[in-house]
Every structure is written in structure tokens, then in C-alpha cells.
Amino acid sequence: MSVVNNTPNKSNWYFSSILGGLFITAKHLIKNLLNKDKMITLNYPEEKYEYSPRFKGNHVLTVKKDGAIRCTACMLCATNCPAECIKITAAEHNDPTVEKFPIAYEIDVLRCVFCGFCEEACPVDAIRMGPEWQTPGSNGSQFIYDINHLAYRPQLKGGVVSVVDEVERHKSGI
Amino acid sequence: MPKCTINGQEVEVKEGSTIMQAFYQLDQGIAHYCYHPGLSVAGVCRLCVVDIEGNPRPQIACNTVVTEGMKVSNQSEKIKDGVKWILDFHLINHPLDCPICDQAGECGLQEQYMEYGKYNSEMAEPKVKKHKVVDLGPTVVLDSERCILCSRCVRFTDEVSKTNELGLFNRGDKTEIGTFEGKELNNKYSLNTVDICPVGALTSKDFRFRQRVWYLKNSETVCTGCSTGCNVKVYYNKEGAFRVKPVFNENVNGHWMCDEGRDIYKFVNIEHRQTLAHKMIGGQKSEMPAGQAATEAFQVVKSTPSEKLAVVLTGQYTNEEYEAVLKNFKTKNVFHWKNLENSMNDFDGLLIRGDKNPNTKGLEAAMKAAGIHTNWNDLEKSLSSGAITTVVVAGPENLAVYPDFADKVKLMAQAENVIWMTACHSEQFKAFNQSAFVIPTKSYLEKAGTFTNHAGLNQSFKKATTIVSHALTLSEASFLLTGQSIPIAVAPQAAAFVDVDRRADQVMIENRKKNEFVFKRGSL
Amino acid sequence: MSEVKYLTEFYHLNEFQGLEGYKKNGGYVEAAKALKMKPEEIIDEVKKSGLRGRGGAGFSTGMKWGFLPKNNEPRYLLCNADEGEPGTFKDRLMMERAPHQLIEGMIISAFAINSKKSYIYIRGEYDYPIACVRKAIEEAYAAGYLGKNIFGSGFDHDMDVYVGAGAYICGEETGMISSLEGLKGQPKLKPPFPAVQGYLRKPTIVNNVETLAAVKYIIRDGAQGYKKYGTEKSTGTKLFSVSGNVMKPGNFEVPLGYPLKDLIELAGGMKPGRKLKAVIPGGSSAPVLNAEEAMKATMDYENLASLGTMLGSGAVIVIDDSQCMVDMLGTLTHFYHHESCGQCTPCREGTGWLDKIVHSILEGRGRLQDIDLLIKVADNMKGRTICALSDAAALPVLSFVSKFREEFEFFVREGRSQVKGTNYAQMHH
């Protein structure tokens, strides 16, 4: 452990800097006291900052009108993911018009870099980056989001409906 | 041997060969779907149109025989435009569901559309709806909408498997592939139809939805399903092997392979494998890595007098391994464990043989070369009489083709000491209740070597992947079991001095620039 | 000029159907004569007569026979009585009124090409003609004109009727051979041509009913006698099936080179108060002629080819000014969409595409660029397939759109027919 020995002739000059610092603090204190609306800091747990609607927060898997998962398990998001945090297991659906769907869809959020490539790669609007960002957990396993969490967590109130509709696609002959 | 000119390049082809074959010979690009070198010519996709000098109408390359001095070209604007349109005709009723199609990534339509496509399709009408997810049989699923009706699969069942299950039904744009009433596609070669399908219309039930193909690497190897030794490509990634496809070899398997051989990748995967070595001493079982087990087993081998030691080999290992075993053990008590002895010489006329080992011929040759002529019955007798106390068994990898496996395990369990080397785990090993070692070995995908097929043809193959990393090959195990250390092939030493300016693996700046993603402002 | 009754001389007699009546009017005289000749002489005579196939393609019959390989393989003679071309109904008349005429022509032809077995492929819808031909074959067997040692010449011949299921594509010769072999009626890849490898992979000659019947008359009058009729390159007479908006539709036998204008007059002319608008001169797959072209056209292979169309099977469809061309094209494209065998991609997908485009125009969903798209699609279907069905579907589209473009544009703009003033639903209730 090393100790820094200040030389006496250096230590004479600290007092003016402290005054300068105090002055800045006092300036902001008075400024904030005079007009509270323009205050930058928030009282965090009580007040929360509202982000832009384009904020890339935690992932949401969208659902179809009937509440089933929209995802077709094409794995383009997983292919595109630079952090390799998406793991999908596909299976055959009983309905031949659906054909392929994910039985497991896991995102390791601790690995995720929130780049949004998955959202852009998705051909059927099945994955979106939602507005949430406050997602604490007590151990590592809580940061691996499974399909139920991604699509049906309580905050989503029964799931976000995808803009891509199967019936309409079928009608328009796609 | 007529000579012709293809796009200005002269080529000499075999008598009676078509323009398409000349294109193949020159490795020149030509769009085609229905033509397959292993099948008859159908001439229905109409993509391979070419200009022949002196012929006013464009002809299809697959059905036009080359004549002396023919001048062929497919580079004119007229031909290119025609190909674009015909490719667009293929696509107007194709569902374009590439994201959920298993073929995406290795699809003929995708590849050829990138090269010859029209890009601005003018189709604005609704597409024809056909049947989805049609169950054709135990192995294959059909999606009629994706089908481009090249009729390769129909011709395959007609000409190669000669079972005629598939046919074309209905007319016009409602035409569909299908099986006849009450019949299903269940021949022993049915999965070849999936291979030759240029689109994702026929998919294998086994591989369906398990992986996207771009996650898979592939490596060429030799099929161990039977003594034919088909040349195959194994597709694998870090999760294990996923499928097997045939590779063209004129002398062995042509373009095809059997369905049985396609299942051979399964036992290689970790869930079937012996992952750790078992050591059994006086009913006490302990687990350890393979190398340690082999080293400890050497003590057993050393304490056995050489006439009381027997080595049992199966036809599932490579020639190199047999050589190493026979050289290291120096015993004449080497026995050949033959499975399915009655149907050994069966042959179905196309590929499948009754001998379900890849290397029976190789083992026989190695034993003959070492001057070993033994009889299996001698082993059984000496085991029961106690004349042999220690057996070293190189057990089979593919347990499914060894119906006598349980009996043989029980037979070997009579010996005082058993050293059993195996790639796959089996419940039968519980029969060993005294001194026994079970040592994991590498499967055929994890090692390089040579197999000798039924006709005596030596086929070498390379290592594809590693699944059980500490498992030993049979030669490594034989070194350890005889108290030697495994010889390590030393890589040739690099030159002592390299160019001062540059490391050997340095990426040069011009190469780096090529790989860099250049963001152009405004281009999005 | 009036009709020339050459092949159809006795068609008005009911007794001509039966063997007795047929023999009374000069039947089986030529067969007996021909079987005493040398086969090569018959082929030569047919070659010299300039007889051309009456089924549609107009290929020289004598030349076709000459393509047979010179060996002793069994060979087959097939009579194409499928008559699928919309607007054609001449073969039906010939088989109903004079089945023995066809049989006699076939015996002579079979002798000329040394075939021991022949089939008459009749479409399934032709119930009555099938019955007539079957009865006539029975009569011919009973009289010894078929079977072993015909007319004591040592020539054996068997004849059979094969009933098709009525697919248009089975009128194409290789499609017919496939159907006859029991396969799906799909054209086969050429080469090999049927004359080299046809039915059961043996040399096969396929000829139309009218062509085979005409052989009898070439033997009767000799090549020179036959060449009296018609033009220099299109010899002989031909039955034209005139249908559409004429007063008296029906079959008319006239020499080739006959003016189309007169042929329409022969069929009773236009309906009162109606003007000629267009004529399809050779069955639905021939490009359409507008009124001016129709007025100067003569019915022979060369003249029609110079007008960009073809004689085809001789089905003249007359269209007057009360017809909507868009609606007519809709009917034609629907037919080809339905009849495409589905083998070659441009035809399988193209016919469906054309049909959908025309119907979206008809149903009021059309866009102006659809008219150009029709031309582009049809252009790219032409000459790209195994058989000629793709061309048959593309050519009418090209000619309809290029010659009556304003009607199509009106339909796209207004959603209703320029001629009838009503939309598609109203036109077809």
C-alpha cells in the first residue's frame, strides 16, 4: 500500500477550489429552488422518467388474436443476434396452416445487448423491444426469460397482439 | 467424342451426352430443376433453355444431344430474359414461406432466384391453394404449395427404387404430387426423394424443424450402416449430429443412400454415448475419465499371462485401429465377433447389404495379415473352462445391428476380468459384476481412418467433430492398455524466423477493409 | 361457288352408315385395289397428292409415313378422333355418317405402313360416334375386311376403338399415346418422335380421321385426281365446321383456297342487322382475324399463315359485333387453364395466370398495366414447352389483345363491356 505524501507547497492551493465547488453547488441549489419544474433529477422510486416510445427495453413476444404465440420459430432473430442470447426449439403444430411454432423460446437478458436486431429481423412482428427496463432479479436464472414470461407476463395484460394477421394474409393470397 | 462450344469455351464430351452434361463438365452455370444426373430426362421445368447456332428456336439443354461442332450459348439477353420469366412462372404460386421452410438456406429456388431471378414479380392475383403438411408415409411429409412439380421424386420411385408409390395428380396449376389411394411412401430409399427435391416440398420427418440448415456444418465421411460403405455427408453442430445425406460416388453408391443409413448418426449423439469410464472392482463401481481407466486396466492386462488373454474385435473399427490392436497386444487369441451371420451375404440389388458392419473385410484382412486363424467356439469353450481369464473386447458402436449383444455381454462376463471398449452406453453392462472396465471410445465421426467395403475398396475418411472429448480411439486405448504412452504426432515445426513486418496470422489491411461493414449515410 | 361434295358425297344417305349401303356406293373397292399394290406405291401416291394432316398442324402425311424406320418392328397406326379443339365437329360427322369410310382409309394406310394393329382414339363424350364406329368395325370383321388375310392379299390387320376421357391434351399425338398406354394423358418429350418411338415404344403413325378417310380417295382418283381440288400447295378438299354468329352453322366441304367470305355466305351469312367483327379461322387456338383480314382471307395453309394465323382443324368461329371480345377471351383462357396438363411450368402456371388476369379485368378489378402484362406473359409462354398447348393458349391472347385493345382498355376503365354495356355478372347472370 502506498501513501501519497503531499508536499506542503502544493497543499496551499486547495482552498480556492473548494470554494469554487461550493459555488457551483449553491448555484444549482438556488436555481432548482426557484423553478422546480426544470429540475433534472427525479425522486427515483416514486417518480419515473418516461422514455421515448422507441426505447428498446425488455423483449415482448406478440400473440395472435386468439392468444397463441405469433412466433413461427423461423430462427431469424437467433441467427441475427450478435450476443447469441436467443435459443428457440421448434415443433410441429397440429394446425397445418400454422405448421411450425416454438415450444421453447429463451432469451438470456444478461447476455443481451439490446441492439434490436431481433425485432428488425422478424418477418411476422413476433418479437418487439418493449418499454420496460426495471427488471431486477435475485439470481442468474431469473434473467433467462422463457416463453411464458416473454409473452404473457402480468405487465402485458394478456399479451400484445401482433399486427400480422394470419386470416388476412390467407385472404389476400399470400 | 463430339466437340462443342459452350459460351465460347470448347469441350469434348462423351458420345450421346446432352448439352446439360457438357455444361456440368465445364462447370458453367445453367438454371435447371427437373434435370438430375441420376434420373431420366423429364424436360418439364424448361429453365435450361439455350441458343444453338443455326437453330431458330431456343432448345432445352437437358434433352438435346451434342453434335459435332455445335455452338451453344446461354448468355444472350433473349435467353436470360426467358429464364427470368420461367423462374417467375415457378414462383407465382409458390407460397414464399421461407422463414418456416426447412429447405431455406439450401433451396434450389432461393439459390437460382438470386442468380437468375426477375426480382420485380408482376403477379398480383391470388395464389393457388393446395394441401399443406400431407403425410406421405413414415419418413416424408409433403407440402404441395411449395412443390414446383419437377417430378424428380416421381421419377426416383419409378426408376431407382422401382416402387412407384408417387404420382402426379390433377391437371394444370392444380397438379399435386401424391401417393396412390391406400399406399404410402415407405420404401427403403424414400428419403432420397427429400434430397433431390429442389424446394422444401418434401421434408424428412426426422429432420423437420430440428435445426435451420445454416447452423449446421458438414463433413464427408463413410456410412457405417452396412458393408456397402456409401459416401455420405454428416451435418452437425456443437449440439451433435443431425442428419446424413449421400455424396455422389460413381463406384460405390451413385447419388443415393438408404433410409437405414440415415439413422446411423443417432447413436453418435451424446444421449446414447458412454460418457465416462466405469471401473468395477469387487462390486464397487467408480467413474473416471477414459484415459485413467485404460491406464488402470493395464495392471489387469499385465498381471494376466499372455495365453490367458483374449482380444475380441468387431467389424466396426477402422483398419488403422485393427493394426494398432494386433501390433500392441501381440497375442494370437484374437477373435472376430460376427453378428447376423446368416444374412451376411444378403443384397437387395441396389445398396443395402446384409453385413451390417462397415469394415468386416478390413478386419478379416488384418487378421489374415497377422496370421491369426481363430474360431469363435474356441473362445466360448475356453471362457467356460477358465482357460481365458481376461478378455479385451472392442464392442460395436451401433448396438442396434447386434441382436446377440446381450448374450455376448453375458458370455464375456464369465471371464474374471473384462475390459470392454464401447462408444455407446448399454443397460447390458450391468451383467459385469466382478472385475470389469467399460472404456468409452470414439465413434466414427470423431476419428479419421479407413474402411474396406464389401468389394475390397479402401475408403479413407476424416474426423468430423468431437462429441465425447476424452473418449479414446481403439488404437489409443490399445497403447494405454499395453502400458505404452500414446504416440503424439508432432506438427512440423514452423520456420524459426518470420517476416519481421508481419505475423503469420496477421490480417492485412486490404483484407480487413473488404470485411468491414461500410455504413452509407442515406442508403437506408 | 357452292360446296364440293367429295368426301361427303353420300353423307345424306342414311344407308351409307351401314356396310351394305356403303358397299353399294362404291365402298371397299379402293381397299381391295390398294392391297394389290405395293406399300411404297401407296406412300408415293399419298406424297404426290400433297395431302396434309387435317388435325391441326398441317404436316405432309406422306412425309410423316416416310419417317418410319426401315425395319420389321411392329408398328402401330393410330387414328386421332379426339377432336378436342373448341369449335371443331367435323370428325364427329364423319364417324357418324360414314364410319366405313374411315375404316377403309385406315386399312389402306395400315397396309401402306405395314401395321398389323390400329386404334381409333375417340373422346369419351362422343357416345354416338363411338357406337357407330364400333358397329362398323364389327361389320367389317364379319365381312372379312379386317382380321386375317384381308381380300386374300395375306395382309392381317386388327382394329380397335379406344375411348378417351375427354381431355383436350389427349388430342396431341404424344399425349394420346400416353393415354393409350394407360398413363396420365401428358405429352412426351420429343425427340424421340412417335414415328420412331411411339405407342409402347414402337414406331407409330398418328393421323386425323379426315386425313385417313382422304387416303381412300387418293387411291380412287390417283394423286392427280386429288390435286384437282385446292391450291398448289394445299391440295384437296376440307371439311370446315362453321359455328358462331351465322345463320346456318354446320360442316361444309369446300376445296382448300376457298375464300372465307364465301364460306360464311355458305353458312347462311351473318344474322340480319349484324356486322362481321372477327373470325377465328382454325379452332380456338388459332389467332383471331378481324373483319378486314377475314374478307381477304382464303382458307388454305399458306394464305392464313401469311395473315399470322393458321388453318388448324378447320373450325371457323364467326363473331359478330354483338360479342364482347374480353368476355370471349375469358372463356378461352378459362378453357386452356382447365386443360393444361400441368407438366411444363410456363404452361401450367402461365395459363392460370392469364386466366386470372382476364377474369380480374372482367370482374372489374383490372389495372391498365394488366393488358401489357397479358402480352408479356403470353409472349413468354410461346414456344417454351413440350407440346403446343402453351402456344395455343398464348396466341389467342396475343391476337385478341393486339387487335381489340380498345375494348380491353374500356373494360378496365369502366368495369363494363364496351359492346354490351353490362358488367361481367350481368353478362352471365
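The values are calculated or read from the model by the stated rules, or taken from the named source; none is laboratory data. Here the structure is a predicted model, which is why all the values come from computation and not from measurement. Here the Cβ positions follow ideal geometry from the backbone for every residue, glycine too, while neighbour counts run over all protein chains shown.
Which of the residues that make up the range C:258-295 are under 24 Å from residue C:229 (Cβ atoms) and without any contact (Cβ under 8 Å) to a residue 12 or more places away in the chain?
Listed by number, the list holds a single entry, C:265.
Restricting to the range B:139-164, what's the tally of residues that are more than 19 Å from residue B:109 (Cβ to Cβ) and touching an Asp or Glu at 6+ places or on another chain (Cβ under 7 Å)?
Within the range B:139-164, residues that are more than 19 Å from residue B:109 (Cβ to Cβ) and touching an Asp or Glu at 6+ places or on another chain (Cβ under 7 Å) number 3.
Out of the range C:163-193, which residues are among the polar types (S, T, N, Q) and within 23 Å of residue B:60 (Cα to Cα)?
C:174, C:178, C:186
Output the number of the condition that residue C:222 fails; it satisfies all remaining conditions of (1) crowded, with 23+ Cβ neighbours inside 10 Å; (2) more than 20 Å from the chain's Cα centre (by Cα).
Only one criterion in (1) crowded, with 23+ Cβ neighbours inside 10 Å; (2) more than 20 Å from the chain's Cα centre (by Cα) is unmet by residue C:222, namely (1).
With a cut-off of at least 1 residues that are within 11 Å of another protein chain (Cβ to nearest Cβ), name the helices (runs of 4 or more DSSP H) lying wholly within the range A:72-165.
Counting at least 1 such residues, we get A:76-80, A:117-121.
From B:205, B:245, B:162, which residue is in contact with a helix residue (DSSP H, G or I) (Cβ under 8 Å, 6 or more places away or on another chain) and either of a type in the set (Lys, Arg) or at pLDDT 95 or above (or both)?
Every option except B:245 fails the conditions.
Kindly indicate which of C:58, C:62, C:84 is at positive phi and assigned by TED's automatic domain parsing to the domain that holds residue C:218.
C:58
Among the residues of the range B:62-74, what is the count of those that are surrounded by 15 or more Cβ atoms within 10 Å (Cβ to Cβ) and either within 13 Å of chain C (Cβ to nearest Cβ) or more than 16 Å from residue B:11 (Cα to Cα) (or both)?
Going through the range B:62-74 one residue at a time, the tally reaches 3.
For the range B:209-247, name all the residues that are closer than 25 Å to residue B:317 by Cβ, in a strand (DSSP E or B) and among the polar types (S, T, N, Q).
Here is the first cut: in the range B:209-247, the residues closer than 25 Å to residue B:317 by Cβ are B:217-236, B:240-247.
Now narrow it down to the ones that are in a strand (DSSP E or B): B:217-222, B:231-236, B:240-246.
Scanning the range B:209-247 gives B:218, B:219, B:221, B:231.
Residues being closer than 18 Å to residue C:266 by Cβ and either hydrophobic (A, V, I, L, M, F, W, C) or without any contact (Cβ under 8 Å) to a residue 40 or more places away in the chain (or both): count how many of those fall in the range C:302-322.
7
Find the residue count for the range B:75-126, including only residues that are within 20 Å of residue B:196 (Cα to Cα), among the hydrophobic types (A, V, I, L, M, F, W, C) and within 13 Å of another protein chain (Cβ to nearest Cβ).
Count: 8.
Return yes or no: is residue B:178 under 30 Å from residue C:356 (Cβ atoms), out of contact with any helix residue (DSSP H, G or I) (no Cβ under 6 Å at 6 or more places or on another chain) and either assigned to a helix (DSSP H, G or I) or not hydroxyl-bearing (Ser, Thr, Tyr) (or both)?
Spelling it out, residue B:178 is indeed under 30 Å from residue C:356 (Cβ atoms), out of contact with any helix residue (DSSP H, G or I) (no Cβ under 6 Å at 6 or more places or on another chain) and either assigned to a helix (DSSP H, G or I) or not hydroxyl-bearing (Ser, Thr, Tyr) (or both).
Is at least one residue of the range C:103-122 crowded, with 24+ Cβ neighbours inside 10 Å and of a type in the set (D, E, K, R)?
Looking through the range C:103-122, at least one residue is crowded, with 24+ Cβ neighbours inside 10 Å and of a type in the set (D, E, K, R).
Condition check ((1) in the same structural domain as residue C:340 (by TED's automatic domain parsing); (2) within 17 Å of residue C:4 (Cα to Cα); (3) not β-branched (Val, Ile, Thr)) across all residues:
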residue: C:206; (1), (2), (3): no, no, no
residue: C:210; (1), (2), (3): no, yes, yes
residue: C:256; (1), (2), (3): no, yes, yes
residue: C:288; (1), (2), (3): no, no, no
residue: C:295; (1), (2), (3): no, no, yes
residue: C:310; (1), (2), (3): no, no, yes
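Just the residues that are under 30 Å from the mean Cα position of the chain (by Cα), free of Cβ contacts under 8 Å to residues at least 12 places away in the same chain and surrounded by 17 or more Cβ atoms within 10 Å (Cβ to Cβ), please, taken from the range B:78-126.
Within the range B:78-126, B:99, B:100 meet the criteria.
Can you find, within the range C:321-348, the residue that is surrounded by the fewest Cβ atoms within 10 Å (Cβ to Cβ) among those that are more than 7 Å from every other protein chain (Cβ to nearest Cβ) and of a type in the set (Gly, Ala, Ser)?
So, considering only residues that are more than 7 Å from every other protein chain (Cβ to nearest Cβ) and of a type in the set (Gly, Ala, Ser), the one surrounded by the fewest Cβ atoms within 10 Å (Cβ to Cβ) is C:322.
Touching a Gly at 6+ places or on another chain (Cβ under 8 Å) and modelled with pLDDT under 90: which single residue out of C:55, C:87, C:50, C:26 fits that description?
Answer to the selection: C:55.
Among the listed residues C:385, C:351, identify the single one that is modelled with pLDDT of 95 or more and within 13 Å of chain B (Cβ to nearest Cβ). Spell out the reasoning first.
On the way: C:385 fails: modelled with pLDDT of 95 or more.
Criteria check complete, one pass: C:351.
Criterion first (of a type in the set (Gly, Ala, Ser) and surrounded by fewer than 24 Cβ atoms within 10 Å (Cβ to Cβ)) does residue B:42 satisfy it?
yes
Need the failing condition index for residue B:110 against (1) touching a Cys at 6+ places or on another chain (Cβ under 9 Å); (2) closer than 20 Å to residue C:381 by Cβ; (3) part of a helix (DSSP H, G or I), just the number.
All conditions pass for residue B:110, except number (2).
Exactly one condition in (1) assigned to a loop (DSSP other than H, G, I, E, B); (2) surrounded by fewer than 17 Cβ atoms within 10 Å (Cβ to Cβ) is false for residue C:197; which is it?
Checking residue C:197 against (1) assigned to a loop (DSSP other than H, G, I, E, B); (2) surrounded by fewer than 17 Cβ atoms within 10 Å (Cβ to Cβ), the one that fails is (2).
Looking at residue A:21, is it of a type outside the set (Val, Ile, Thr), more than 14 Å from chain B (Cβ to nearest Cβ) and closer than 25 Å to residue A:157 by Cβ?
No, not satisfied.
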